[in-house]
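Asks: Would you mind keeping the following structure in view while I ask a few things?
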Amino acid sequence: MKFAVKAWSKGRARVGVLQLANCPQPIETPALLLSTRKGLPLFISPDLLPSLPSPDSYLLQMSPLHFLDGISTKTISNIGGLHQMLGLHEYAFAAVPRDSIVCLPECDSTNKIGASFETPSGRRLIKPVEYMEMISSLKPNLWVSLADEVPAWVSAKRNRTSVDRTVRWLDECIKLSPGGAVFGAIVGGADVEERQSCAQEVAGRNVSGYWIGGFGLGESMDERPALLNAIADILPPERPRQICGLELPEEVLQGVAAGIDLFDSTYIYHLTLGGFALTFPFENIQRHESNSQPIDVGSDHTKINLRATVYRKDTAPIVDCCSCYTCQNHTRSYINHLLNVHEMLAQILLEIHNTHHYLSFFHSIRTAIKEDKFEQFRQTFIDSRREHLNVTAVL
């Protein structure tokens, strides 16, 4: 793996280039890691993956814990790893223990032996040696060390313990490393000093990048800038930074402003499962590019609820100017029908659109940084969102 920062905007926002062995082209950051279940997007089949923007869609995130049930990691190792098993030779896999969908950290059951997670096969305690055996079998391009993530409300003593365990487990994981780029986990809850302490420890290790965990677990948006900036000030700028738990557009912009390079995409999964489609503008924020109005049922200027009856006879695409497969070939009324008759095709079409739309959002962020207009882009986006909420409240 190779990474280089190519452009900075005012503050910490930056554009980088990530080169991975499998990917035919370099990937620009800030970038979105597509969430998967056992290596594949939840609803998009492998033959439809090429319909997404390339090479932005070539980063896939998976959790080794998904393989605690079903096909064993030993069998995958005998096949030749995850790339070989799935036939996705040009895609890059990032292995992260937590996926924010079905593998959530359970801090009350975590102990000095290993980290506890709620998984589809029940609550499981994962030891560093077991975790590294899974990494060795799956052969991802990059992997994150095991971490003891805690929510924002834990005691100072428990928070300190989580930092100590995470650093110790990082050393164990590095010692057992089978290869690939290792991202050192940084935790510390909502305590700035603990975050700084963990970042300093991890920055002193021989790692390829950094994974910032513990976000999206109870902290407020107002607390995040201080926590993120405290970490960013310590980490060396020449290595990539990945984060888990910042999903909403406003949260992504908050992370980018702090110098984060890689984000997960469980937001897309939750939207798709609920029947929502992203519609927010990102190229010209002053002008809403879809033909929906603020008073549309289920619309909040960011997304629309296509289960709503108002879309039953709506023959427009989800977003007029969108070039995704869904918007080029289908209408809101058709997707509304599919949702109401419980056809899985509805989720397939929605995930294609939502993924395409969010990837385009990241492209606009990178463009704004290159033009040194990121802060203006961010503030305009937030102001337009706030203005819409005020108008809705009045109506």
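The values are calculated or read from the model by the stated rules, or taken from the named source; none is laboratory data. Given the structure is predicted, the values throughout are model-derived calculations rather than measurements. Here the Cβ positions follow ideal geometry from the backbone for every residue, glycine too, while neighbour counts run over all protein chains shown. Surface areas here come from the heavy atoms of the whole protein model, side chains and all, with no ligands, DNA or RNA. Shrake-Rupley method; radii C 1.70, N 1.55, O 1.52, S 1.80 Å.
Asks: Is there a residue in region 324-344 that is touching a residue at least 40 places away in the same chain (Cβ under 8 Å) and within 17 Å of Leu52 (Cα to Cα)?
Replies: Taking every residue of region 324-344 in turn, at least one turns out to be touching a residue at least 40 places away in the same chain (Cβ under 8 Å) and within 17 Å of Leu52 (Cα to Cα).
Asks: Is region 26-41 home to any residue that is without any contact (Cβ under 8 Å) to a residue 12 or more places away in the chain and over 23 Å from Gly255 (Cβ atoms)? I'd like the intermediate steps shown before the answer.
Replies: Keep residues of region 26-41 that are without any contact (Cβ under 8 Å) to a residue 12 or more places away in the chain, which gives none.
The answer is no, given that none of the residues of region 26-41 is without any contact (Cβ under 8 Å) to a residue 12 or more places away in the chain and over 23 Å from Gly255 (Cβ atoms).
Asks: Continuing with this model, one more query. If only one of His270, His363 is open to solvent by 30 Å² or more (accessible area, probe 1.4 Å), in a helix (DSSP H, G or I), at pLDDT below 95 and not hydroxyl-bearing (Ser, Thr, Tyr), which one is it?
Replies: Details: His363 fails: at pLDDT below 95.
Criteria check complete, one pass: His270.
Asks: Regarding Asn305, is this residue modelled with pLDDT of 95 or more and either surrounded by fewer than 20 Cβ atoms within 10 Å (Cβ to Cβ) or more than 29 Å from Ser63 (Cβ to Cβ) (or both)? Even if it seems obvious, please write down each step before you answer.
Replies: Values: modelled with pLDDT of 95 or more: yes; either surrounded by fewer than 20 Cβ atoms within 10 Å (Cβ to Cβ) or more than 29 Å from Ser63 (Cβ to Cβ) (or both): yes.
Here the answer is yes, as Asn305 does meet what is asked.
Asks: Of all residues in region 218-267, count the ones that are in contact with a Pro (Cβ under 6 Å, 6 or more places away or on another chain) and open to solvent by 30 Å² or more (accessible area, probe 1.4 Å).
Replies: Residues in region 218-267 being in contact with a Pro (Cβ under 6 Å, 6 or more places away or on another chain) and open to solvent by 30 Å² or more (accessible area, probe 1.4 Å): 1 in total.
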